[in-house]
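Structure, as structure tokens:
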Amino acid sequence: MKRAGGVVLPLLEAPGPPAPSLRVDVYGRIRGAILEGRLAPGVRLPSTRTLAGELGLSRTTAEEAYGQLVAEGYVARRVGDGTYVSSTLPARRTGAGRPAAARTPPLSRRGRAIGGAPACLDVPGEAVPFRAGHPDPALFPLDVWQRLAARRMRRGGRALLGYGEAAGLAELRAALADHLATYRGVRCTPGQIVILSSSQQALDLAARLTLDAGDAAWMEDPGYPGARGALELAGAQLVPVPVDGEGMAVYEGRRRAPQAKLVYVTPSHQWPLGSTLALHRRLALIAWARSAGAWIVEDDYDAALRYSGRPVAAVQGLDPDARVVYVGTFTKLIFPSLRLAWVVLPESLVEPFVHARRLMDGHPPGIAQAVAADFLAGGHLAGWIRRLRAACAERREALVEALGSELAGVAIPVGAEAGLHLSVELHGADEREVSRRALALGVDAPALGSFRLERRGPGGLVLGFAALSPERIRAGVKVLARAVGRAARR
């Protein structure tokens, strides 16, 4: 049997990449030589005594390296005979040339569709003008959250360390049912609420559980890319429905696809234009859904943040037929990394949603849910929303004033006084060119056209303001004005 001392020892003496320990270094080099075919199956390795003596290692280090290789099946030890490269490993041909590149198996059609689907990608790190998404984390009452978390862990925290209910913690669902009834006009029991990791998960499940491939689905145009992606991946035939100052044009949806199976709508603060769905259109939407046998997916992503008057009640509370899937999230109201959202479901959809949740990721995190439940039940969420509204109203006003000062007649704000962003119509400037030049200057202001299914409608930009101080807002608008000027001169 061929010995490998003349191969292994030079291999281990040569310089190599840094390793956390000598044991890992020896193990890694021998393993690599076996996988690359430099040590063939059946080759005998030097004894640990020889290895340790030649390399100046301790015998224990050599034994531990060989022991790891034995445990993983790369080498085998024969009593009284020695240590050999495992004969069960496939032989590999080696040569001077590089081996041919391995052929990577292709993605499925579904995998390719996922890779090309539109999505709203949340970007980590410091807020950039005018990236929309979430409020300023510096405003959040972290001391209150820390106190509630510490109290939970002292009082039975170990009970939250195990597996939880797929539908979510009962305490949180009960607190949410009370909160939504009081502040959003939602009619539900705790048993109709399922806690999820994000509104995107809710949209994905709603689309997959209610639509068959080829079913028509109304989509606000312009609209939220995450919803569009979820509908496309479910195989829906998207029907763009235009949006104006009164929200989705329900009459146009009826004309284009009267027998659609689902409609996605953001009625309280339309994404991205910011309009509110008028009452007569809400009632028309419900009447159409009844006649067509369709589902209404209501995304209430930031409806609590309205700066003039009370927030508009949810469509779900107007629906007598239990056709509305009502989606909400703590991402906008508490903080993004909490990863908690909810969906209020008609009774017939509860069990399918819960079972699908079990298949996807089991259950929501118990400790986070418990602290969120205490945050709601203790009145802290209501107080935080009041504080957040005041701060966001001030920041929105700063943005409107800065636009009027720096871009008078060019950028005209549209939409209700609500939410974490506003849209502006651009007059006399190319939206995509302005957006491109602004990004090069460090300002993220996506063009309205990037959210459209049909390439028509006034040009504009979407500007998030909630995470920025008034000073940063004013500075950002000055940069935006420079981008508009450069786009006009090109």
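Tabulated data for the structure shown
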read-out	value
Residue list for region 56-89, restricted to those being within 18 Å of Ser21 (Cα to Cα), in a helix (DSSP H, G or I) and among the hydrophobic types (A, V, I, L, M, F, W, C)	Ala62, Ala65, Leu69
Any chance Pro267 is part of a strand (DSSP E or B) and either free of Cβ contacts under 8 Å to residues at least 12 places away in the same chain or in contact with a strand residue (DSSP E or B) (Cβ under 7 Å, 6 or more places away or on another chain) (or both)	no
Evaluation of Ala257 against (1) free of Cβ contacts under 8 Å to residues at least 40 places away in the same chain; (2) in contact with a strand residue (DSSP E or B) (Cβ under 7 Å, 6 or more places away or on another chain) (one fails), failing number	(1)
Extreme residue, surrounded by the fewest Cβ atoms within 10 Å (Cβ to Cβ), among residues of region 114-135 that are among the β-branched types (Val, Ile, Thr) and modelled with pLDDT of 75 or more	Ile114
Every residue from region 353-379 that is in contact (Cβ under 8 Å) with a residue 40 or more places away in the chain and among the hydrophobic types (A, V, I, L, M, F, W, C)	Phe353, Val354, Ala356, Met360, Ile367, Ala370, Val371, Ala372, Ala373, Phe375, Leu376, Ala377
Tyr251 aromatic (Phe, Trp, Tyr) and crowded, with 24+ Cβ neighbours inside 10 Å	no
Test: Arg310 is over 27 Å from Glu397 (Cα atoms) and either without any contact (Cβ under 8 Å) to a residue 40 or more places away in the chain or buried (at least 20 other Cβ atoms within 10 Å of the Cβ) (or both)	no
Residue within region 276-297 that is touching a Phe, Trp or Tyr at 6+ places or on another chain (Cβ under 6 Å), within 19 Å of Pro225 (Cβ to Cβ) and without any contact (Cβ under 8 Å) to a residue 60 or more places away in the chain present	no
Test result for Ala481, farther than 19 Å from Ile412 by Cβ, in the same structural domain as Arg389 (by TED's automatic domain parsing) and either assigned to a helix (DSSP H, G or I) or touching an Asp or Glu at 6+ places or on another chain (Cβ under 6 Å) (or both)	no
Criterion (part of a helix (DSSP H, G or I), surrounded by fewer than 17 Cβ atoms within 10 Å (Cβ to Cβ), modelled with pLDDT under 90 and of a type in the set (Gly, Ala, Ser)) met by exactly one of Gly37, Gly42, Gly53, Gly16	Gly53
Hits in region 270-291 - residues which are within 18 Å of Ala322 (Cβ to Cβ), in contact with a strand residue (DSSP E or B) (Cβ under 9 Å, 6 or more places away or on another chain) and not β-branched (Val, Ile, Thr)	Arg282, Leu285, Trp288, Ala289
Residues being outside any helix (DSSP H, G or I) and modelled with pLDDT of 90 or more - total across region 136-160	2
Extreme residue, modelled with the highest pLDDT, among residues of region 71-113 that are of a type in the set (A, V, I, L, M) and loosely packed, with under 14 Cβ neighbours inside 10 Å	Ala71
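The values are calculated or read from the model by the stated rules, or taken from the named source; none is laboratory data. Note that the structure is predicted; figures quoted are calculated from it, not measured. For neighbour counting, all protein chains shown are included, and Cβ atoms are generated from backbone atoms with ideal geometry for every residue, glycine included.
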